[in-house]
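*Asks:* Below you'll find the structure I mean.
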Amino acid sequence: MKFKKKSKAIQLLTGMLTLCIVFSAAFIGIYPTAAAADVPNSINTEKSVPPLFDNSQTADNSSEMETLDFKGTSYYLVCNEAQLRAIGTGKYGMNLNYMQQADISLSAGDWVPIGTWDAPFTGTYNGNGFEITGLTMTDPDAEIIGLFGVAKKAHIYNITLRDYDIASAGKNAANKSVGAVLAIGQGSRSYDNFVYPKEAAVSIKDNSSEIERYYKAGSLPMFEITFPRLDEKTQKKWLERIYADGDFAFFSVAVRRLDANSALLTGFAEKAYTDEEMAFFSILTDCMDEAELELWLDRALEDGNWAFQSMLYNKLNRDDEFNELKEKQEKEWAEAQMAEYEAAGVTMVDEKTYYYQGQLVNIFLDIRRDGSFYTLNMNPKGTVNIKITRDTNDDITGAAYMTEAEAAELLGDMG
């Protein structure tokens, strides 16, 4: 999924605020309290801010990392590819705290994920908003695919991963795990990360094969990357399949990658509305502009479709208007219903008081034949039990006394 990169102004402000926090902590002893607050946020997130350490190693790509001690904890500062690849080797253990301090451009060599089943990453990695560019994995037998492979109770955050290419990895693996930043979490926290996949020119035939694997594997990120590369005919087939499967998550990422003027959006909106599939229709409304939402609202009003009216009013931020309309319609419906009851010989004084042929009603029951709607009122002071009778079209045909058996059965069901 694509997100906007932080502006340099925001990065500069973050760096300056953090410097204030660090120096304040040195003098007055402020201690962090959040779950991941034992890791300083940013020591130098903008190149124009003077560094607090010597990061000249960035140029020579040395694997030796400098450290920063903060409140008795050491953080290893990652400034280049060699240092990034060194995590989990030698003295740079999987259980340590790492903080990125420069943009890192990876070489063409295949990336080896940080952390395995036997040696998971258990420390912290703060990307500081700096970029890691060009991560590539092509091994067709790879089972764990991502910047970090297996992590356990780790904290991985603030990473910006750009132009990564992992689409071809794991083609031969039956049970692979894929995640651009983290493949397997095991109780870890991975958050505030930004990923930008590399756009690759591949054939439709290859895409069809790949997207099938991603769908079966439940890989939403890879499915989302591949779906826009399909032709419209193939996209339609996939949307029909996902719709039939009732998979809202995959449907959502797919329609969001369609062109804004795609006929598929209109076609599936029509289908979801006709099928009364509110969840699918709601997803599609996120792709509509205000004018299109208004047209659908007009249709829902004309059809008397309250459920879709409610949703569309909400999408248009007009909930108050819907509530007023609903109250008005409910009042009109209640008045019409009262008139129908009176035509059948039942006088409705209020919601709790009914009379039939001058007698106060004890049990009043009106149930539609399909069970979609019913009215049941009980007044202990009443002396007769009455039921409304309806024809096959659910129109009221009259009222009748309930037998003792019917009343007993109703009370028994309620008990």
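The values are calculated or read from the model by the stated rules, or taken from the named source; none is laboratory data. Everything numeric in this text was worked out from a predicted model, so none of it was measured. Positions of Cβ are backbone-derived with ideal geometry, glycine not excepted, and every protein chain shown enters the neighbour counts. Heads up: the accessible areas ignore ligands, DNA and RNA and are worked out on the full protein's heavy atoms, side chains in. Shrake-Rupley method; radii C 1.70, N 1.55, O 1.52, S 1.80 Å.
*Asks:* Which condition breaks for ASN261 when tested against (1) part of a helix (DSSP H, G or I); (2) open to solvent by 50 Å² or more (accessible area, probe 1.4 Å)?
*Replies:* (1)
*Asks:* Within the range 279-312, count every residue that is closer than 23 Å to PHE250 by Cβ and open to solvent by 70 Å² or more (accessible area, probe 1.4 Å).
*Replies:* 1
*Asks:* Right, here's the next one. Say we look at the range 158-178 and pick out the residues that are small (Gly, Ala, Ser) and either in a loop (DSSP other than H, G, I, E, B) or without any contact (Cβ under 8 Å) to a residue 24 or more places away in the chain (or both); which of these is most open to solvent (accessible area, probe 1.4 Å)?
*Replies:* Here the answer is ALA174.
*Asks:* So, one more: Is it true that some residue in the range 191-205 is of a type in the set (Asp, Glu), open to solvent by less than 70 Å² (accessible area, probe 1.4 Å) and not in a helix (DSSP H, G or I)?
*Replies:* No - not one qualifying residue is present in the range 191-205.
*Asks:* Just to be sure before I move on: is GLY170 under 30 Å from ARG213 (Cα atoms) and more than 31 Å from the chain's Cα centre (by Cα) in the structure I sent?
*Replies:* So GLY170 fails the test.
*Asks:* For ASN261, state whether it is more than 30 Å from GLU210 (Cβ to Cβ) and at pLDDT below 90.
*Replies:* No, not satisfied.
*Asks:* Would you please name the residue that is most open to solvent (accessible area, probe 1.4 Å), looking only at residues in the range 220-240 that are hydrophobic (A, V, I, L, M, F, W, C) and part of a helix (DSSP H, G or I)?
*Replies:* The selected residue is LEU220.
*Asks:* Of all strands (runs of 3 or more DSSP E) completely enclosed by the range 56-150, which ones contain at least 2 residues that are open to solvent by 10 Å² or more (accessible area, probe 1.4 Å)?
*Replies:* Here the list reads 67-70, 73-78, 131-133.
*Asks:* Can you confirm whether PHE308 is closer than 17 Å to GLN329 by Cβ and either among the β-branched types (Val, Ile, Thr) or within 22 Å of the chain's Cα centre (by Cα) (or both)?
*Replies:* yes
*Asks:* Mind checking whether some residue in the range 301-315 is among the hydroxyl-bearing types (Ser, Thr, Tyr) and closer than 24 Å to ALA269 by Cβ?
*Replies:* Yes, the conditions are met somewhere in the range 301-315.
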